[in-house]
Amino acid sequence: MSKLLFIQTLGCAMNVRDSEHIIAELKSKEDYALTDDIKKADLILINTCSVREKPVNKLFSEIGSFEKVKKDGAKIGVLGCTASHLGDEIFKRAPYVDFVLGARNTSKISKAVNTPKFISTDINYDDSEYAFGDFRTSKYKAFVNIMIGCDKKCSYCIVPQTRGDEISIPANLILKEVEKSVNSGAKEIFLLGQNVNNYGRRFSNSHEKIDFSDLLVKISDVKGVERIRFTSPHPLHMDDKFLDVFVNNDKICKSMHMPLQSGSTRVLKAMRRGYTKEWFLDRALKLREMCPDVSISTDIIVAYPGESDEDFLDTMDVLEKVRFEQIFSFKFSPRPLTPAANLPMIDDEIASRRLSTLQNRHTQILDEITQKELGKVHRVYFEELRDGFQVAGRSFNNFMVSVKGSEELLGKTLDVKITNPKRMVLYGEIVS
Ligand code: SAH
Ligand code: SF4
Ligand code: F3S
């Protein structure tokens, strides 16, 4: 009988994909099967995130609770970005942990489970051409990594210290992965990387040099691919060629993530983002003009050290001008190993006030956007069962759309007329 594996994944889509790789390796090489019941598990894994302080604190409370409920002899492993940056401090703070495996060392999972107190957190280790086994959480969409690491040096961000330098995965391997995914039923391909539109700058060996726009075209030519999404592109690399392919290739979903971080050119400079408020607005408004149906999402950090009221008003100004369909917003959180780690912090009361001013105004904008959806028809790819006999999926421009129905809708792409638009979900009826 197989041994049982319980795995909890925190953080971003890259961690979700790393967890899929780990599950695939453990299934095929170590005879593990997945369980949702932690008490029955022989191996308990947590795949961690370091991007803000909160998820790091969560790691230690979570593994403390694993230790209390785990069965005798069960092992606990800590993986991912916090493993990369805390390393053997994890053993010191939680001596019951059996192994620590950094985000760049996923391919060593078999060795980790078989070696007492194994630790590998090398951020220069190169997993970029490793042939992982197959495991996918969703039957309908497939995450595909196109690069590992990040070459940017944004002053607030720990990711380059947890995932190392940027290396692109060779296009022929990506295309093979895409073909495999479509052959096993996924119609949507979701490309992953920290700066996807910087793809192709460096490979670990000599490979055909192609850029992200050309890679998108090659993927869209793969038979069976119906939808392509990707995250995250970087505003700095949104050149005209990229916008043109994005807008005119009809397999590419019309939703763009444009991580703004701050609307103030002065703060952007301090953050080392490499673009100005004007460049960001130029790209976002050009995109809106070229593609009126596009939805644009963003990430915003408020109260970066030194952010004045005026700087914050610049961020609010970009919000008014771009009217993002979705924002992910955070108070600045100082991270170890980053240039901004020890800068004087802005008073927390001011930071909280700015965050709620931003979020409240965005909610109003979103309500206006949502109301305009009433009566529109969207083409929806159904992929998820919800409570109350509802089935949900995404419109081509990434709205969550839900209709009455059951399993037989899963995996189908159908036209839906929106009859009851809500802030997070547009409810509708199938029209064809
Ligand atoms: N490569 C992506 C970002 C990945 S991290 C990009 O450049 O957009 C995801 C988001 O976390 C970032 O966009 C940023 O908004 C947020 N973030 C990163 N470091 C942070 C910090 N120290 N404090 C608060 N938010 C942070
Ligand atoms: Fe972090 Fe900047 Fe790299 Fe994004 S681009 S992962 S914010 S360093
Ligand atoms: Fe992702 Fe968190 Fe690492 S956002 S890259 S899991 S620090």
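The values are calculated or read from the model by the stated rules, or taken from the named source; none is laboratory data. Computed from a predicted structure; not experimentally measured. Backbone-built Cβ (ideal geometry, glycine too); neighbour counts: all protein chains shown. Quick note on the areas: whole protein, heavy atoms, side chains included, nothing else; ligands and nucleic acids left out. Shrake-Rupley method; radii C 1.70, N 1.55, O 1.52, S 1.80 Å.
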### Query
Right, Asp72: at positive phi, out of contact with any His (no Cβ under 6 Å at 6 or more places or on another chain) and open to solvent by 30 Å² or more (accessible area, probe 1.4 Å) or not?
no
### Task
Quickly run through the stretch 301-333 and pick out the residues that are within 18 Å of Thr363 (Cα to Cα) and of a type in the set (A, V, I, L, M, F, W, C).
Ile301, Val302, Phe312, Leu313, Met316, Val318, Leu319, Val322, Phe324, Ile327, Phe328, Phe330
### Message
Condition check: within 16 Å of ligand 3 (Cβ to nearest atom), touching a residue at least 40 places away in the same chain (Cβ under 8 Å), within 22 Å of Ile148 (Cα to Cα) and open to solvent by 10 Å² or more (accessible area, probe 1.4 Å). Does Val51 satisfy that?
### Response
yes
## Note on the structure
Going through the stretch 117-171 in order, the residues found to be in a strand (DSSP E or B), within 27 Å of Tyr381 (Cα to Cα) and within 16 Å of ligand 2 (Cβ to nearest atom) are Asn145, Met147
### Query
How many residues are within 14 Å of ligand 3 (Cβ to nearest atom), buried (at least 21 other Cβ atoms within 10 Å of the Cβ) and aliphatic (A, V, I, L, M) if we restrict to the stretch 116-151?
2
### Task
Output yes when any residue across the stretch 249-265 is within 15 Å of ligand 1 (Cβ to nearest atom) and among the β-branched types (Val, Ile, Thr), and no when none is.
no
### Message
Please return the ranges of helices (runs of 4 or more DSSP H) entirely within the stretch 232-302 where 2 or more residues are open to solvent by 10 Å² or more (accessible area, probe 1.4 Å) and farther than 23 Å from Ile146 by Cβ.
### Response
265-271, 277-290
### Near pairs, Cβ below 7 angstrom, 6+ apart or cross-chain, from the stretch 148-166 (at positive phi) to any residue that is within 12 Å of ligand 3 (Cβ to nearest atom) and among the hydrophobic types (A, V, I, L, M, F, W, C)
Gly164/Ile123
### Query
For the stretch 316-345, what are the residues that are modelled with pLDDT of 95 or more, within 12 Å of ligand 1 (Cβ to nearest atom) and either among the hydrophobic types (A, V, I, L, M, F, W, C) or within 24 Å of Glu278 (Cα to Cα) (or both)?
Ile327, Phe328, Ser329, Phe330, Lys331, Phe332, Ala340, Ala341, Leu343, Met345
### Message
For the stretch 409-432, which positions are out of contact with any Asp or Glu (no Cβ under 9 Å at 6 or more places or on another chain) and modelled with pLDDT under 95?
### Response
Met424
